[in-house]
Amino acid sequence: MSKRLSWTLYAFDFAFLLGLGIAVAPVSAQPASSGDTKAMLDAYCVGCHNQKLRTAGLALDTVDSSSPSRDPELWERVIARLRAGSMPPPGLPRPGPAQYRAVANTLENEIDRAWSAHPNPGRMSAVHRLNRAEYNNAIRDLLALDLDVKPLLPGDETADGSFDNFADVLSISTAHLERYMSVARQVTRLATGLPPTGPRIETFEIPLHVVQDDRQDEDLPLGTRGGIAIRHDFPVNGQYLIKVRLGRQYQDYLKGMGWPQRLDIRLDGKLLKRFIAGGGAKGRAAAASYAGDGEPGFAGDPEWEEYMQTGGDAGLEIKVPVHAGLHLVGVSFVRELWEPEGLPQPLQRGRVIADDQVYMGYASVGSVQIGGPYGDSGTAKGTLSRRAIFVCQPKAPAEEQPCAAKILSRVARLAYRRPVTEKDTRTLLQFYDSGRRSGASFDAGIQFALERILVDPDFLLRVHRGSPANRLSDLEVASRLSFFLWSSIPDERLLGLAERGQLTRPQTLEAEVRRMLADPRSTEALVNNFAAQWLNLRRVSEVVVDPERYPNYDESLLQAFQQETEMFLAGSLREDRSVTDLLDANYTFVNERLARHYGIPAIYGSRFRRVSLPNHDQRGGLLAQGALLATTSYPDRTSPVLRGKWLLNNIFGLPVPQPPPGLDTNLDTKGGAASKSIRERLAQHRRDPSCNSCHSVIDPLGFALENFDVIGGWRTVDESGRQVDASGATTSGAKVEGLRGLRALLLDQPEQFPRTVAEKLMAYALGRRLEYYDRPAVRKIVREAASNDFRWSSIILGIVGSPSFLMETR
């Protein structure tokens, strides 16, 4: 069989799967009898799906439809097609909607009944490495140390279209081992308050395309603009250097230096020093946007050139004594409002931000360096980390060993997520003794032993050793639960319940889930680690926009997109709303910049706030948020294909295959040819049967979002100058008209989107891909969550209480 033919069959199978369930009967449809099931299959399916043809690799003429539980893998494929409502393909005789639903119900009921009697929870991976986010959070909770060590560790591989906490992709390399040892030393010295081996300098940069015309952060004072707020952990008491480098354009010339502006450096809100930046250049200035260009006649005088390259931000630094611990360093300008003389000009960002020295515009902060400690410094005292670690203090030499054992056994128990053995304690005390050699302090011995804990496999890995029964131990459930909801280690309460064998009691388990969901760590983890990957929010920072087509775009808008979606998701989780609210909400979170972009009036200032939306047909829910629209576009045009694929993968929960190797996917108009709309170009693309089989499903959904441009702005005219046509038709014949029609398509089947959320969340919770034997568990979770309006807590409780979460296949 040729590659082209095999791909066509695969795509044909895919198109069957992706009929989107339009032509389905009401939920009240009664199950069909086994005879009805066989009759329908014989009438509409066996003609193609038989032993001779085996279309899409499926033969139904020799299987027993009255006992689907004997081959659940095959029948789950059939159920998916029936739920799609598109089998047989359009143009062939088809059963009625009620018959689709009735036969699907019959097959599901039989499979689910057999599964309930003998559930197949799947196998648990024997070794599951902590990913970077989990490692970072474990350090935070174990040592009370709030810092970001993720950049210091190798990146985590991500399973295709899923999550970076899947056990089978979390490999361990030599680079991991080297970085774990290095980070362990760094964080334990910081936590115990030992002075660093020498001064260190950390640099905090602001991206070039971030506009600094307004208050930049809620942690900066009112009446400021631009700059940055940095939460920095100072290791010990001592002198530290804070140095500011101003923003520059691409030729490394300072921006906004034509007039004096006041720049403040603050520590925990207290003003340390105010500088004057700008206004000191002498001589003739270069022409606008020509600084550093080198064109004869356009360059400035030599003294002006020197000031613009090095002199303008020379001396913007201060040395200050700082006590050990977490402090807020703030750098910002005093806000001064002004308007240029002359006729108002169109707002231009894009290349102007990178190319122009905007000589008479606002100066900006490019980066802040924090260095130190300088001079003599002793061990830090009284920090949160030291209070968490040093639960005792020896007052005499004889008390040191028992105190060390108490400290280390307590930390090791939390780190290893199990009771500590005598052997564990002896090993750690040996490292404690090694750390005290050559007259080192008690604290130095503790630090070296803590370093040993952080490189122990029992900390870095979740090791499943198996059990005589097929139920996970309470300790394993505690770890699975804490890494699911907190992306971190169990706390004292959760671990204590597990050690006493009380955690898996149903009432106790539910109470713990609700307690953990009420903890802010849960919202943070589920938004930043689960939802960010499910919805591809981690790609927002990678978005590139054509500045010629979108001159008012800047990175501040991109950051606002991401904050909007994160706050929207966090609010939904905190308030325990229905997951369907993610699609149909009539509110969002905006600041002035984002509200202006969305056309929402009377919103002022940089603070994000919740607002009701004036036009629900144009905004509301995830589908109309800039973060998701920008990540599914190209720099200069929208992409119905990218948007349709994203909708299928992440909202409808239907996997989309990659195009076959060597297939031409270029949609650009050839030079000299008349410009065509994207709809016309895709119509031409679908003339190829290999393309049409998938694009006939993908494209109509993407067209429904064509009223949104590359950066999520509402439009009625597309890139080619034609009126936007946001209509489409699914393979089952249903019409979809714009955002409103797409929402209706999703909400018409109440269980469809909650099933997608449950599948994604369950895969994330288990740390593996879902298989056919997980489908009964998902259906049970969704059915039970329906009585509670599909609230987040009902889906999460269903996952945690399922055999897939609490058991494993022997």
Quiz item: residue 370: modelled with pLDDT of 90 or more, in contact with a His (Cβ under 6 Å, 6 or more places away or on another chain) and either buried (at least 18 other Cβ atoms within 10 Å of the Cβ) or farther than 30 Å from residue 226 by Cβ (or both), yes or no?
Solution: yes
Quiz item: Quick check, is residue 502 open to solvent by 10 Å² or more (accessible area, probe 1.4 Å) and under 19 Å from the mean Cα position of the chain (by Cα)?
Solution: no
Quiz item: If residue 705 satisfies every condition in (1) of a type in the set (A, V, I, L, M, F, W, C); (2) open to solvent by 10 Å² or more (accessible area, probe 1.4 Å); (3) in contact with a Gly (Cβ under 9 Å, 6 or more places away or on another chain); (4) in contact (Cβ under 8 Å) with a residue 60 or more places away in the chain but one, which is the exception?
Solution: (2)
Practice problem: Could you list, in sequence order, all residues of region 372-413 that are more than 38 Å from the chain's Cα centre (by Cα) and in a helix (DSSP H, G or I)? | Solution: 397, 398, 399, 400, 401, 402, 403, 404, 405, 406
Quiz item: In the set 133, 126, 117, which member is free of Cβ contacts under 8 Å to residues at least 24 places away in the same chain and small (Gly, Ala, Ser)?
Solution: 117
Quiz item: From 527, 545, which residue is open to solvent by less than 30 Å² (accessible area, probe 1.4 Å) and more than 23 Å from residue 792 (Cβ to Cβ)?
Solution: 545
Practice problem: Go through region 773-807 residue by residue and tally those that are in a loop (DSSP other than H, G, I, E, B) and surrounded by 20 or more Cβ atoms within 10 Å (Cβ to Cβ). | Solution: 2
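So that you can scan it fast, the table gives a plain yes or no per residue for (1) modelled with pLDDT of 95 or more; (2) open to solvent by less than 40 Å² (accessible area, probe 1.4 Å); (3) within 30 Å of residue 66 (Cα to Cα):
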residue: 82; (1), (2), (3): no, yes, yes
residue: 93; (1), (2), (3): no, no, yes
residue: 116; (1), (2), (3): no, no, yes
residue: 187; (1), (2), (3): yes, yes, no
Quiz item: Could you count how many residues in region 300-317 are open to solvent by 40 Å² or more (accessible area, probe 1.4 Å), more than 23 Å from residue 373 (Cα to Cα) and part of a loop (DSSP other than H, G, I, E, B)?
Solution: 2
Quiz item: Can you pull out the residues in region 584-603 that are buried (at least 18 other Cβ atoms within 10 Å of the Cβ) and within 30 Å of residue 754 (Cβ to Cβ)?
Solution: 585, 588, 589, 590, 594, 598, 600
Self-check item: Residue tally, condition in a loop (DSSP other than H, G, I, E, B), over 27 Å from residue 375 (Cβ atoms), in contact (Cβ under 8 Å) with a residue 60 or more places away in the chain and of a type outside the set (Asp, Glu), over region 175-222
Solution: 10
Practice problem: Of the conditions (1) small (Gly, Ala, Ser); (2) in a helix (DSSP H, G or I); (3) open to solvent by less than 20 Å² (accessible area, probe 1.4 Å), residue 744 clears all except one; give me its number. | Solution: (3)
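Looking only at residues that are in a helix (DSSP H, G or I) and open to solvent by 20 Å² or more (accessible area, probe 1.4 Å) in region 428-441, which one is modelled with the lowest pLDDT?
438
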Quiz item: Tell me, which residue of region 720-735 that is more than 29 Å from the chain's Cα centre (by Cα) and buried (at least 17 other Cβ atoms within 10 Å of the Cβ) is nearest to residue 625 (Cα to Cα)?
Solution: 724
Practice problem: Please identify the pairs in which a residue from region 534-545 that is under 24 Å from residue 759 (Cα atoms) and without any contact (Cβ under 8 Å) to a residue 40 or more places away in the chain has its Cβ atom under 7 Å from the Cβ atom of a residue that is outside any loop (DSSP other than H, G, I, E, B) and open to solvent by 50 Å² or more (accessible area, probe 1.4 Å), counting only partners at least 6 apart or on another chain. | Solution: none
Practice problem: With the condition kept exactly as written, say whether any residue in region 167-180 is over 26 Å from residue 530 (Cβ atoms) and open to solvent by less than 60 Å² (accessible area, probe 1.4 Å). | Solution: yes
Quiz item: Restricting attention to region 618-634, does a residue exist that is outside any helix (DSSP H, G or I), without any contact (Cβ under 8 Å) to a residue 60 or more places away in the chain and open to solvent by 20 Å² or more (accessible area, probe 1.4 Å)?
Solution: no
Quiz item: What are the residues in region 342-367 that are open to solvent by less than 60 Å² (accessible area, probe 1.4 Å), at pLDDT below 95 and either β-branched (Val, Ile, Thr) or on the phi > 0 side of the Ramachandran plot (or both), if any?
Solution: 350, 352, 353, 358
Practice problem: Hey, can you tell me all the residues within region 318-341 that are modelled with pLDDT of 90 or more, more than 30 Å from residue 386 (Cβ to Cβ) and open to solvent by 70 Å² or more (accessible area, probe 1.4 Å)? | Solution: 335
Exercise. Evaluate the following for residue 487: is it within 33 Å of the chain's Cα centre (by Cα), under 27 Å from residue 186 (Cα atoms), hydroxyl-bearing (Ser, Thr, Tyr) and not in a helix (DSSP H, G or I)?
Key: yes
Quiz prompt | Selection from region 232-286 of residues that are closer than 19 Å to residue 219 by Cβ, part of a loop (DSSP other than H, G, I, E, B) and of a type in the set (Asp, Glu) | solution = 268
Exercise. Read through the list (1) assigned to a strand (DSSP E or B); (2) open to solvent by less than 30 Å² (accessible area, probe 1.4 Å); (3) closer than 24 Å to residue 307 by Cα, then give the number of the only condition that residue 229 fails.
Key: (3)
Quiz item: Looking at (1) over 30 Å from residue 384 (Cα atoms); (2) buried (at least 17 other Cβ atoms within 10 Å of the Cβ); (3) over 29 Å from the mean Cα position of the chain (by Cα); (4) polar (S, T, N, Q), which is the only condition residue 125 fails?
Solution: (3)
Self-check item: Single residue of 458, 474 found to be modelled with pLDDT of 95 or more, open to solvent by less than 40 Å² (accessible area, probe 1.4 Å), touching a Ser or Thr at 6+ places or on another chain (Cβ under 7 Å) and not hydroxyl-bearing (Ser, Thr, Tyr)
Solution: 474
Exercise. Restricting attention to region 490-529, report how many residues are small (Gly, Ala, Ser) and part of a loop (DSSP other than H, G, I, E, B).
Key: 1
Quiz item: Which ones in region 548-575 are in contact with a Pro (Cβ under 8 Å, 6 or more places away or on another chain) and crowded, with 20+ Cβ neighbours inside 10 Å?
Solution: 553
Self-check item: Number of positions in region 757-772 that are modelled with pLDDT under 95 and part of a helix (DSSP H, G or I)
Solution: 1
Quiz item: In this structure, is residue 463 in contact (Cβ under 8 Å) with a residue 12 or more places away in the chain and more than 23 Å from residue 520 (Cα to Cα)?
Solution: yes
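The values are calculated or read from the model by the stated rules, or taken from the named source; none is laboratory data. Everything quoted here is computed from the prediction, not taken from an experiment. Every residue, glycine as well, gets a Cβ built from its backbone with ideal geometry; the counts of neighbours run over all protein chains shown. Accessible surface is based on the protein model in full, side chains and every heavy atom, while ligands, DNA and RNA are left aside. Shrake-Rupley method; radii C 1.70, N 1.55, O 1.52, S 1.80 Å.
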